[in-house]
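Visitor: Here you go, one structure.
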Protein chains: 2
Amino acid sequence: MIIARSIKKIREVILPLKQQGITIGFVPTMGALHEGHLSLIKKARIQTQFLVVSIFVNPIQFGPREDFKVYPRRLSRDKKLLRQAGVDLLFYPSASQMYKQDFSTYVEETTLSHVLCGLSRPGHFRGVTTVVAKLFNIVTPDISYFGQKDYQQAQIIKRMVADLNFNIKIKVLPIVRDKDGLALSSRNSYLDKISRQQALCLYRALQRAKALIASGERDAVRIKKNIRLFMRKFSLAKIDYVEIVDAETLREVKVVKKKVVIALAVFIKGVRLIDNMLVDMKKGRFI
Amino acid sequence: MIIARSIKKIREVILPLKQQGITIGFVPTMGALHEGHLSLIKKARIQTQFLVVSIFVNPIQFGPREDFKVYPRRLSRDKKLLRQAGVDLLFYPSASQMYKQDFSTYVEETTLSHVLCGLSRPGHFRGVTTVVAKLFNIVTPDISYFGQKDYQQAQIIKRMVADLNFNIKIKVLPIVRDKDGLALSSRNSYLDKISRQQALCLYRALQRAKALIASGERDAVRIKKNIRLFMRKFSLAKIDYVEIVDAETLREVKVVKKKVVIALAVFIKGVRLIDNMLVDMKKGRFI
């Protein structure tokens with residue numbers, strides 16, 4: 001596995017590959033890798049010829065009161081996992097390599113970014129789209145992989161790619177969960193034993209919504225109310241949002257039909273966790 | 001000359017060229033071509049192997065009270081000029097090809113954009129950086145050419161390229177002027193005979209500033225005051241701004257030293273004209 005810390009080096013590796021028509025796969029991450037990341041890497045390993053993973057804890061997507069400083073960094077463990085997964089190149093830049101002192105250009109999606117997590121984390125998605133645009137220009141992938149856990153992020157990235165004409169295919173892969181249902185997240189490492197139990201409220205609430213819809217409920221307001229009531233059983237859970245939105249536009253829906261996403265954000269003792277379920281009414285599928 | 005109206009078509013042409021390592025030159029324009037554009041095209045023709053010119057009057061860089069609708073369109077004349085200049089590909093997209101109905105992603109430079117023309121034309125540079133980022137992703141040039149007439153624009157594009165890691169070299173070429181000194185601009189076609197005469201105030205003011213500096217004046221405030229006084233002779237000229245700024249940061253300077261730009265914007269009977277002069281004190285050059 002090649003490890004590139006500079007943009008110059010990664011360009012030197014990638015450019016000749018592009019000229020040979022070799023397909024480049026790309027999985028951008030913030031490290032502290034778990035099976036969710038690895039599921040993306042496995043798929044990319046199959047679908048593309050040269051596989052690049054980046055590890056960069058991107059300062060500009062964290063708010064001033066968020067967890068940038070304490071976000072888990074586990075580089076040597078991550079490297080081992082990436083080698084085992086057959087990754088060809090790890091891009092692991094410093095913050096100063098990515099952001100010069102006079103940095104002043106941002107990429108901002110202005111519609112999908114202003115709902116759900118966009119409301120509780122102002123500036124977050126601007127930080128995400130900016131760093132992903134940069135990484136796309138550095139890595140020049142043919143296909144890039146994102147997890148459905150960050151459903152809104154994936155939709156925003158897709159929109160950015162379409163709007164700014166990046167010649168890149170975006171693939172979004174299913175959420176990977178622990179045995180008991182908790183969606184994998186690097187932030188799960190913040191949870192103590194009790195919080196870890198309480199964190200199950202997200203998955204259980206989604207399962208409850210699924211049961212309601214399966215039994216014929218279509219009223220989004222009633223489903224959301226039911227979820228909020230259910231969450232009260234979890235004394236440490238502080239709801240950030242419970243929303244049912246159109247899967248494409250992310251606009252709130254009143255009726256569950258076509259394709260919707262049930263999206264949740266909850267604080268457990270100050271740790272912010274998200275989860276979601278894609279409901280495809282036409283195919284009768286819950287993903 | 002190939003004429004591509006769709007993004008799909010231009011990609012089909014460009015991709016095999018890139019794989020052969022052929023260098024792509026790119027001159028983005030809004031059409032109504034004049035010798036200023038042609039100077040960029042001539043240089044690009046020499047320095048690169050495959051030369052792309054785009055003509056697109058970009059709606060999102062015009063303000064609601066600006067001249068988008070009446071901006072000169074002269075396609076058949078432009079095509080002829082481009083063929084004569086040996087251009088390989090003209091990209092001439094429709095507005096709907098460039099902006100889908102749900103378009104919502106913008107590229108915004110946030111420092112250099114907020115002075116000079118950025119103050120009188122809010123949103124203008126956001127429109128410029130957005131469309132140029134799109135065109136860069138569509139054309140994937142090695143070198144792209146801009147005119148010094150739009151000095152601020154060129155600086156903003158350079159910053160965007162550095163910040164977002166576009167692998168593109170930006171070249172900025174000197175202002176081309178009419179015999180009497182008026183900087184060429186597609187907007188000069190708006191000027192009637194009297195306005196055309198009055199429009200000389202910009203060039204003459206720059207010449208006056210040059211003479212002052214050559215005679216030892218270094219005080220930026222005094223030079224600007226002198227220019228404003230001089231402009232009073234031109235009864236139809238309404239000053240938008242007269243500024244002397246650092247050539248890199250575009251921040252106002254008090255003393256003329258190192259590299260500064262004298263930048264002017266003037267309305268002549270509602271037609272907004274700009275001009276500038278780069279003053280390199282180290283080399284004693286006025287460009």
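Visitor: Quickly run through region B:62-91 and pick out the residues that are in contact with a Leu (Cβ under 7 Å, 6 or more places away or on another chain) and either more than 16 Å from B:Ile41 (Cα to Cα) or of a type in the set (Asp, Glu) (or both).
Guide: Selection gives B:Asp78, B:Asp88.
Visitor: Could you say whether any residue in region B:60-75 is within 14 Å of another protein chain (Cβ to nearest Cβ) and either surrounded by 17 or more Cβ atoms within 10 Å (Cβ to Cβ) or not charged (D, E, K, R) (or both)?
Guide: The answer is yes; a qualifying residue exists.
Visitor: Return the residues of region A:4-22 that are surrounded by 15 or more Cβ atoms within 10 Å (Cβ to Cβ), of a type outside the set (Lys, Arg) and in contact with a strand residue (DSSP E or B) (Cβ under 8 Å, 6 or more places away or on another chain); say none if nothing qualifies.
Guide: A:Ala4, A:Ile10, A:Val13, A:Ile14, A:Leu17
Visitor: For B:Ser96, indicate whether it is farther than 24 Å from B:Ala205 by Cα, crowded, with 18+ Cβ neighbours inside 10 Å and hydroxyl-bearing (Ser, Thr, Tyr).
Guide: Considered against the rule, which asks whether it is farther than 24 Å from B:Ala205 by Cα, crowded, with 18+ Cβ neighbours inside 10 Å and hydroxyl-bearing (Ser, Thr, Tyr), B:Ser96 comes out as no.
Visitor: Mind telling me which of the residues B:Leu90, B:Leu82 ends up being of a type in the set (A, V, I, L, M, F, W, C), away from every other protein chain (no Cβ under 11 Å), over 17 Å from B:Ser6 (Cβ atoms) and crowded, with 17+ Cβ neighbours inside 10 Å?
Guide: Result: B:Leu82 is the single residue among B:Leu90, B:Leu82 that is of a type in the set (A, V, I, L, M, F, W, C), away from every other protein chain (no Cβ under 11 Å), over 17 Å from B:Ser6 (Cβ atoms) and crowded, with 17+ Cβ neighbours inside 10 Å.
Visitor: Please find, among B:Gln101, B:Gln19, the residue that is at pLDDT below 95 and either within 13 Å of chain A (Cβ to nearest Cβ) or more than 20 Å from the chain's Cα centre (by Cα) (or both).
Guide: Just one listed residue meets the conditions, B:Gln19.
Visitor: For region B:228-241, how many residues meet the condition of being within 23 Å of the chain's Cα centre (by Cα), buried (at least 16 other Cβ atoms within 10 Å of the Cβ) and of a type outside the set (Gly, Ala, Ser)?
Guide: Total meeting the criteria: 2.
Visitor: Among the listed residues A:Val172, A:Val132, identify the single one that is within 27 Å of B:Gln97 (Cβ to Cβ), within 14 Å of chain B (Cβ to nearest Cβ) and either free of Cβ contacts under 8 Å to residues at least 12 places away in the same chain or not in a loop (DSSP other than H, G, I, E, B) (or both).
Guide: Just one listed residue meets the conditions, A:Val132.
Visitor: Do we have A:Ala154 as surrounded by fewer than 23 Cβ atoms within 10 Å (Cβ to Cβ), of a type outside the set (Lys, Arg), under 19 Å from the mean Cα position of the chain (by Cα) and more than 14 Å from chain B (Cβ to nearest Cβ) here?
Guide: Answer is yes for this residue.
The values are calculated or read from the model by the stated rules, or taken from the named source; none is laboratory data. For clarity, every value in this text was computed on a predicted model and none was experimentally measured. Virtual Cβ from ideal backbone geometry, glycine too; neighbours counted across all protein chains shown.
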